[in-house]
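Reading through the structure tokens given below for one structure.
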Amino acid sequence: MRTPDTSGSAAVGRVSLLKTLAALGLMLLTVAVLHAAGPVYVVMWFDTEDYIEPAADDAVMRIAQDLTSLGVRGTFKIVGEKARVLEQRGRWDVVRALALHDIGYHTDFHSIPPAPAVYLRDLGWLEGAAEFERREAAGALDVERIFGVRPSCFGQPGNSWAPQSNAALRHMGIPVYLDEGSHVGIGHQPFWYNGLLYIFNMGPYSLRAPLDGAQPAERSYAQFDRAASALAAAQGGVISVMYHPTELVTTEFWDAANFSRGAGRERSEWQHPRRRTAADTERCYGILRAYVAHMKGVPGVRFVTAREALQLYAGSAPAPAGRARIAAHMAVRQTFLTTGDGALSAADMLLALLGMEPQVVDGPAARIASTYPEESLSRAAFERARTDVVSFIRANHRLPAEVWIASAKLSIGDFAATLAADEGGSGGIAVRRANLEFEQYISNDSKGAFSWVIHPTGFSAPELLELGKLQAWTLKPAQLR
Ligand SMILES: [Zn+2]
């Protein structure tokens, strides 16, 4: 028996069922479109660094638990001193909450001067890498000891970036560089640099919902949706989302309160940063939680950790490419080459032209000007030089700065261009000049790129950007599998 009322509600039921089906169809279509185009991965990372304010420990734990309850894993880059402080304070509850997430590294002391860019600015490539490791390796080992896992990634404190860290991190077994900065970048997506996977300089793909200010949540959500659609419509890619756990419990940075402008302050004189009220902290947790829930709800979006991101990319091995294609490219411009199958760095291509096995090598440690005075050189002299370059790379796992022709030198760039243009005839070989196009991916802003409240006033580091340019031989976009 049906009364008009129930038949009315059945009609309403049918309409809402149709609406649901239509919505579901649209959602499936969106999912299909996203999948057809490319996957969108969110790397959400937390610079876990405040070892002064104990409330920041609670913030780490709460964020880790909130993410876990949403089914999301984050990457927590931990400062060595922070890990030791958690141990001293007996905060095994925090350590346990983090065990479900990925663990990265964020220097031993973060802001106690001198910061990395300050202590590395006047050092070269090799001594800088050794100094970085001397200062920072112990903290990475403490993080590994306390969290039971080797850090998957590293990122510099503030804007205190230095390229020598790349060689040291590789040696320390840390394969991913995860941070933000303007020092180096390719197209606001991940790239390979000195054999590390860099998730860095992400531009419009570096996003967050602000904790303070007037921006409505909907605007942050729309911004995320636009970025996700743009990536999906291309080949897919990564969105980088970053917070500091301490931000949710304080209104000023713990380090700005103590080490501004590179000031040294004794431990007994450390000041606690100003705190948010309990209600304000709760409001911040709410913003973060809702933002994560929104991102997670966007069809086609997946959260990945730094460790997982490494698996998503097809490794740093060069894409296959024929010798003729490599030679034609390198004769004219020394920069990475992208093919349908991936990319090759200028260093990859130089190794291929030399007939060497693909391997991770560093760029040259210095820049020299060619002193070889002639326009051409004999095949015998060129073959000797070539053999010597192969020997240097085998011995040092980096490109030589100079290539000897008797007592004169060719820069490695001029040598590479000459090698690429050589068609192998029996006559003399014309010397070509380098066109180091890869240098355009390194910043020239030696002051702005290093701007950070913990650096000394007016700090600028053109030396580090110059070293970064030398290492750009190894630069190439990372290709999703
Ligand atoms: Zn930091």
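The values are calculated or read from the model by the stated rules, or taken from the named source; none is laboratory data. Remember, it's a predicted structure, so these values are computed and weren't measured experimentally. Positions of Cβ are generated from backbone atoms using ideal geometry, with glycine treated the same way; all protein chains shown enter the neighbour counts.
Within segment 271-289, can you find the residues that are exposed (fewer than 14 other Cβ atoms within 10 Å of the Cβ) and among the aliphatic types (A, V, I, L, M)? Matches in segment 271-289: Ala278, Ala279. Among the residues of segment 71-111, those that are within 30 Å of Arg261 (Cα to Cα) and part of a loop (DSSP other than H, G, I, E, B) comprise Val79, Arg89, His106, Thr107, Asp108, Phe109, His110, Ser111.
In segment 241-256, of all residues being more than 14 Å from the ligand (Cβ to nearest atom) and not in a strand (DSSP E or B), the one that is farthest from Arg62 (Cα to Cα) corresponds to Glu252. In segment 407-447, the qualifying residues are those that are modelled with pLDDT under 95 and exposed (fewer than 14 other Cβ atoms within 10 Å of the Cβ), and the one that is farthest from Ala380 (Cα to Cα) is Glu423. Figure legend. Inter-residue proximity from segment 39-53: first residues of a type in the set (Ser, Thr, Tyr), second residues away from the ligand (no atom under 16 Å from the Cβ), beta-carbon distance below 6 Å, spacing 6+ or different chains. Indicated pairs: Tyr41/Val238; Tyr41/Arg302; Tyr41/Val304. Restricting attention to segment 50-71 and to residues that are of a type in the set (Val, Ile, Thr) and surrounded by 19 or more Cβ atoms within 10 Å (Cβ to Cβ), the residue that is farthest from Ala290 (Cα to Cα) turns out to be Ile52. Just to be sure, is Ala167 part of a helix (DSSP H, G or I), farther than 24 Å from Gln440 by Cα and more than 16 Å from the ligand (Cβ to nearest atom)? No; evaluated as a whole, the condition is false for this residue. Name the single residue, out of those in segment 231-264 being under 20 Å from the mean Cα position of the chain (by Cα) and among the small types (Gly, Ala, Ser), that is surrounded by the most Cβ atoms within 10 Å (Cβ to Cβ). Among those residues, the one meeting the criterion is Ser240.
Restricting attention to segment 101-117, and to residues there that are surrounded by 24 or more Cβ atoms within 10 Å (Cβ to Cβ) and under 17 Å from Thr75 (Cα atoms), which single residue is nearest to the ligand (Cβ to nearest atom)? Residue satisfying both the conditions and the ranking: His106.
Taken together, Gln156, Gln215 contain a single residue that is part of a loop (DSSP other than H, G, I, E, B) and at pLDDT below 95, which is Gln215.
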